[in-house]
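Visitor: What follows is a single structure, and I will ask about it in a moment.
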Amino acid sequence: MFSLSRPTTTRIAQQAVLAERSRPKEAQLLGVKEGLKSSRVPILFAHDRATCSLGRGAMAFENAQRAFEHWIMFDLGWVRVENSSARIRAGQIVAVQVHALGLWSLNHCHILEVTATPNRFGFVYGTTQIHVESGEERFLIELNPATDEVTYTLEAVSHPRTLLTWLGYPVTRRVQRRFVEDSQRRMQDAV
């Protein structure tokens, strides 16, 4: 899961096969439309939700959707989608490569739900067994018809899966917060 060097093409391909075998069946914690499905977060899971404004109007919404389709919200330098030609569709495996604190990790997720309406575009993905975390994350852009504001929401329900991420939990949480902040800034720049 973690390594001191960037994952090779061979390792990425091997992990893709493992990810395919361990894909979650359906969203259990988050829904693409409503967010958290239950009034309570499961024990030992963190629940994070952050929303930022991306602009106003149909053009801003279209730009945000185009940015999503090109995985711009992950194009952060230290994080990127390895299979960036992947389409946002239910069933798609997404390989997220992270380089933080001198360590590399390649984390595969499975897109569980997608929404694409005139005012909403987004998806929920769930982690596979070869991800350093266990949980689900929701990425959603919305155009509010009443105010014309376009927003970007990130919501996650997760807990560490590996011993290293449990031992480094405070650091892991800082990395997760950094991802949210960087992703929001990247989307604002793109829109």
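Visitor: Could you identify the single residue in V124, V114 that is open to solvent by 30 Å² or more (accessible area, probe 1.4 Å), of a type in the set (A, V, I, L, M), part of a strand (DSSP E or B) and at pLDDT 95 or above? Don't jump to the end; show me each part of the working.
Guide: Values: V124 fails: open to solvent by 30 Å² or more (accessible area, probe 1.4 Å).
From the options V124, V114, the qualifying one is V114.
Visitor: If I filter region 104-156 down to residues being over 28 Å from Q14 (Cβ atoms) and aliphatic (A, V, I, L, M), which single residue comes out as nearest to the chain's Cα centre (by Cα)? Working first, answer last.
Guide: Within region 104-156, the subset over 28 Å from Q14 (Cβ atoms) is 115-122, 138, 140-155.
Imposing the further condition that a residue be aliphatic (A, V, I, L, M) reduces the set to 116, 140-141, 143, 146, 150, 154.
Values: A116: 17, L140: 10, I141: 13, L143: 20, A146: 28, V150: 19, L154: 8 Å.
Here the residue is L154.
Visitor: So, one more: Tell me, please, whether a residue that is within 15 Å of the chain's Cα centre (by Cα) and under 20 Å from N119 (Cα atoms) can be found in region 73-86.
Guide: Checking region 73-86: at least one residue is within 15 Å of the chain's Cα centre (by Cα) and under 20 Å from N119 (Cα atoms).
Visitor: Give the residues of region 30-54 that are touching a residue at least 12 places away in the same chain (Cβ under 8 Å) and either of a type in the set (A, V, I, L, M, F, W, C) or not in a strand (DSSP E or B) (or both), sorted by residue number. Give the derivation first.
Guide: Pass one, region 30-54, residues touching a residue at least 12 places away in the same chain (Cβ under 8 Å): 30-33, 35-36, 41-42, 44-54.
Residues satisfying the conditions are L30, V32, K33, L36, V41, P42, L44, F45, A46, A50, C52, L54.
Visitor: When region 147-165 is examined, which residues are found to be in a helix (DSSP H, G or I) and surrounded by 13 or more Cβ atoms within 10 Å (Cβ to Cβ)?
Guide: Listed by number, the residues that qualify are L164, T165.
Visitor: Give S134, S183, S105 a once-over and let me know the one that is more than 18 Å from F45 (Cα to Cα) and either out of contact with any helix residue (DSSP H, G or I) (no Cβ under 8 Å at 6 or more places or on another chain) or surrounded by fewer than 18 Cβ atoms within 10 Å (Cβ to Cβ) (or both). Walk me through how you get there before you give the answer.
Guide: Working: S134 fails: more than 18 Å from F45 (Cα to Cα); S183 fails: either out of contact with any helix residue (DSSP H, G or I) (no Cβ under 8 Å at 6 or more places or on another chain) or surrounded by fewer than 18 Cβ atoms within 10 Å (Cβ to Cβ) (or both).
Going through S134, S183, S105 in turn, just one is more than 18 Å from F45 (Cα to Cα) and either out of contact with any helix residue (DSSP H, G or I) (no Cβ under 8 Å at 6 or more places or on another chain) or surrounded by fewer than 18 Cβ atoms within 10 Å (Cβ to Cβ) (or both): S105.
Visitor: Could you give every pair whose Cβ atoms fall below 8 Å, whose first residue belongs to region 55-76 and is surrounded by fewer than 20 Cβ atoms within 10 Å (Cβ to Cβ), and whose second residue is hydroxyl-bearing (S, T, Y) and in a helix (DSSP H, G or I), counting only separations of at least 6 or pairs across chains?
Guide: L76/S183
Visitor: Then there is this: Starting from region 121-147, take each residue that is more than 15 Å from F179 (Cβ to Cβ) and list its partners that are of a type in the set (K, R), counting only C-beta distances under 7 angstrom and pairs at least six apart or across chains.
Guide: G122/R138; V124/R138; T128/R23; S134/R161; L140/R120; E142/R120
Visitor: What residue, of I141, I88, is surrounded by 16 or more Cβ atoms within 10 Å (Cβ to Cβ) and assigned to a strand (DSSP E or B)? Don't jump to the end; show me each part of the working.
Guide: Numbers: I88 fails: assigned to a strand (DSSP E or B).
Among I141, I88, only I141 is surrounded by 16 or more Cβ atoms within 10 Å (Cβ to Cβ) and assigned to a strand (DSSP E or B).
Visitor: Please go through region 166-180 and pick out each residue that is in a helix (DSSP H, G or I), open to solvent by less than 50 Å² (accessible area, probe 1.4 Å) and either within 29 Å of N63 (Cα to Cα) or free of Cβ contacts under 8 Å to residues at least 12 places away in the same chain (or both).
Guide: If the condition is that a residue be in a helix (DSSP H, G or I), open to solvent by less than 50 Å² (accessible area, probe 1.4 Å) and either within 29 Å of N63 (Cα to Cα) or free of Cβ contacts under 8 Å to residues at least 12 places away in the same chain (or both), then V175, Q176, F179, V180 are the ones that fit.
Visitor: Which residues, counting only those in region 93-102, are in contact with a strand residue (DSSP E or B) (Cβ under 6 Å, 6 or more places away or on another chain) and either open to solvent by 30 Å² or more (accessible area, probe 1.4 Å) or under 26 Å from V171 (Cβ atoms) (or both)? Walk me through it before giving the result.
Guide: Keep residues of region 93-102 that are in contact with a strand residue (DSSP E or B) (Cβ under 6 Å, 6 or more places away or on another chain), which gives 93-98.
V94, A95, V96, Q97, V98 - these are the residues of region 93-102 that are in contact with a strand residue (DSSP E or B) (Cβ under 6 Å, 6 or more places away or on another chain) and either open to solvent by 30 Å² or more (accessible area, probe 1.4 Å) or under 26 Å from V171 (Cβ atoms) (or both).
The values are calculated or read from the model by the stated rules, or taken from the named source; none is laboratory data. In this text the structure is predicted, and so the values were computed from the model without any measurement. No Cβ is skipped: glycine too gets one built from the backbone with ideal geometry, and neighbour counts run over all protein chains shown. We work out accessible area using only protein heavy atoms, side chains counted, and drop any ligands, DNA or RNA first. Shrake-Rupley method; radii C 1.70, N 1.55, O 1.52, S 1.80 Å.
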